[in-house]
Amino acid sequence: MNKKINGLNFISIGGCSEIGMNLYAYVYNDQWLLVDMGMGFDGNLGRELVIPSSEELIKNKSKIKALFISHSHEDHIGAIPYLWPKIECPIYGRSFAIEMIKEKLSQFSIEDSVPLIKASLNKKIEIGSFSVEFIAVAHSTPESSALAITTPDGVILHSGDWRIDNDPVFGSKTDEEKLKDYGNKGVLALVCDSTNVFRNQQFGSEKEVRQNLIDLVKKHGNSRVLITCFASNLARLESCYLAAQKNGRQLVIVGRSLKKIEKIAKLSGYFSEIPAFLDEKKAEVLDPSKVLLVCTGSQGEVNSALAKISNGTHKSIRLKENDVMIFSSRVIPGNEKSVMEIQNSLVDHGVKIITSVDYEVHASGHPSKEELEHLYGLVRPNVLIPIHGGKLYLHKHAEIALEYGIKNVVIPSDGDVIRLSEQKSEIVEKLHTQTLAVDGNKLLPLDGVVYRQREFLSSGGVVSVCVRFFKESVKLEDMVCLGIFEESEQTEMTDIRNDIGSEIKLSLERISKDKLRDTQKLKSSVEKLIKIMFMDVRGKKPVVIVHIIQ
């Protein structure tokens, strides 16, 4: 039986160790309410997607009342197909997020079994001991919301991803009046986005980005222009369409997620006045100066359209000298290396690169220090809990809040149970959490045996040998090496094989017949011998697999 959690508590299951994998729980007298269920990205050891641990969710399955979704980004909904089947609770979200979740669930053939409930703004949803209200906030995907969670012990405002943009070109602006109203009534805790805490002033508006994209496409009128951005940023896609239209070009989208987003946007009532985007095959037959290509892969994702275009493996798009590539996005911390590799490859092909360092071609959907302080003034929380980021981000956010005058700031780690009260909010216990990697059709712990073994394999290589024992002699029948020798090192490989064969013969022919019957000891002897020889010759200890034939 899992221990009962009394009082009002906040638990980060994912989202407070790095940017991504957002999954939070609010617990009141052992009733659980979840907010968001996202994934992260990881390019190490062949893994691409990572999600929070399901252990605590499974333990408390019967106590979970519902899952509320703040908005439709992957780091807030991407883990639902993997984790929801383990808890099977209702999911509440606004229309666009629900359509995005449906599309994602359809890839796992479970869309009909998940209770998806579309929520409206400013209408309270009563569930167990909780009352939840969706409040409009500006962000880079439609229908983003903060959540006002009312409990018998006080109100918590969960910000979701947000910013202040009083003149958005797409979607809603942040409902400051509603937030101020909650502040006037009294807010126990603000649980708040930390993504942009190192920026003092707020970013420019999407309106400025739109005009800059129009101007840049015009400036490069004789070149083929490509733009990469987040697929779910409908405002940016609309800006790309207008940049093409106003410069006599046709918009071509490249990448499956962009095609999916276009379909969902139109289902949700967006893009109604925009004609269907052209397929990438059209780009092959149109004059390069008459097309504007928008492609996925702004974060350097390995299998994205941009990655394939940059390395020459895309089936339709081939780079040409004097092409122009606009990165209309920010680099998420942790993705710097993969983005730089793609940019280097583009430059090698003679492509001109334009980023937000050169022009205002991206407006962030997250709050700067200036915007955070504005929100503090509206809400006036008793407690501030920073989320969305690694420890460096959370501590910087805490510093901003303390300087502003919020006296009670609690910095969470994933797994911390934070007891919330007017008198004192503090960490009262620690639950077990871990990161799971999506590995084929399995979920594997990052710190488990499989990934430890893969790391060892990647650093040392593999040697597989087959040793045959005859009545009076021993012979190395076969040896295969992986990840150790270059193709040009056939001589070196032959030499070490001959040396190992001789050493095995000398060492094992002296062993008594009783010991020869112990196959496990023979394998250990051969393995040890091979590791010593490879350490002497190559300076590496490979993984050694030994087959014994008696």
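Values as computed for the structure displayed
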read-out: Contour minus Cα-Cα distance for Asp536 and Lys266 (0.36 nm per residue); value: 90.8 nm
read-out: Aspartates and glutamates with Cα under 14 Å of Lys61, excluding same-chain neighbours fewer than 8 positions away; value: Asp30, Glu88
read-out: D (Stokes-Einstein, µm²/s), Kirkwood Cα radius, region 206-354, 0.692 mPa s at 37 °C; value: 215
read-out: For the chain, fraction of C-alpha pairs farther apart than 34 Å, in %; value: 49
read-out: Per-residue HN-Hα couplings for region 150-156 [Karplus 6.51, -1.76, 1.60; θ = phi - 60°; Hz; x = Gly/Pro]; value: 9, 10, x, 9, x, 9, 10
read-out: Three-way shape label, region 89-167, alpha-carbon gyration tensor, a/c 1.5; value: oblate
read-out: 0 to 90° range, to nearest 10: angle between helix 490-508 axis and the chain longest Cα axis; value: 60
read-out: Counting DSSP beta bridges with both ends in the chain, the antiparallel % (nearest 5); value: 55
read-out: Within the chain, helix-based [θ] at 222 nm, where runs of 4 or more DSSP H residues each add -39,500 (n - 2.57), nearest 500; value: -9500 deg cm²/dmol
read-out: Partners for Lys263 among lysines (Cα-Cα distance below 17 Å; same-chain residues under 8 apart left out); value: Lys102, Lys104
read-out: Between helix 256-267 and the chain: long-axis angle, C-alpha atoms, 0 to 90°, nearest 10; value: 30
read-out: In region 331-411, trypsin sites (Lys or Arg not before Pro) in a DSSP loop with at most 10 other beta-carbon atoms within 10 Å; value: Lys407
read-out: Span from the region 197-220 Cα centroid across to the region 10-31 one, whole angstrom; value: 34
read-out: Loop-resident sites, region 252-347, for GluC sites (Glu not before Pro), counting at most 11 other Cβ within 10 Å (DSSP); value: Glu273, Glu321
read-out: Estimated distance in nm for a label pair at Asn322 and Glu177, the labels positioned 7 Å out from Cα along Cα-to-Cβ; value: 5.4
read-out: Sorted by Cβ neighbour density within 10 Å, fewest at the top, the residues Glu133, Glu373, Glu403; value: Glu403, Glu373, Glu133
read-out: Low-density loop positions, trypsin sites (Lys or Arg not before Pro), region 66-131 - DSSP coil, at most 15 other Cβ in 10 Å; value: Lys123, Lys124
read-out: Folded to 0 to 90 degrees: helix 95-106 orientation relative to the chain principal axis, Cα; value: 20
read-out: Debye-sum result for region 461-549 in log10 I(q)/I(0), which assumes one identical scatterer on each alpha carbon, at q = 0.21 Å⁻¹; value: -0.99
read-out: Residues with amide H under 5 Å from that of Ile64, placed H, sequence gap 5 or more; value: Trp32
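Where a number appears in this text, it was derived from the coordinates with a stated rule and is not lab data. Fair warning: this is a prediction, and the values are worked out from it, not measured in the lab. Cβ coordinates were reconstructed from backbone atoms using ideal geometry, including for glycine residues, and neighbour counts include every protein chain displayed.
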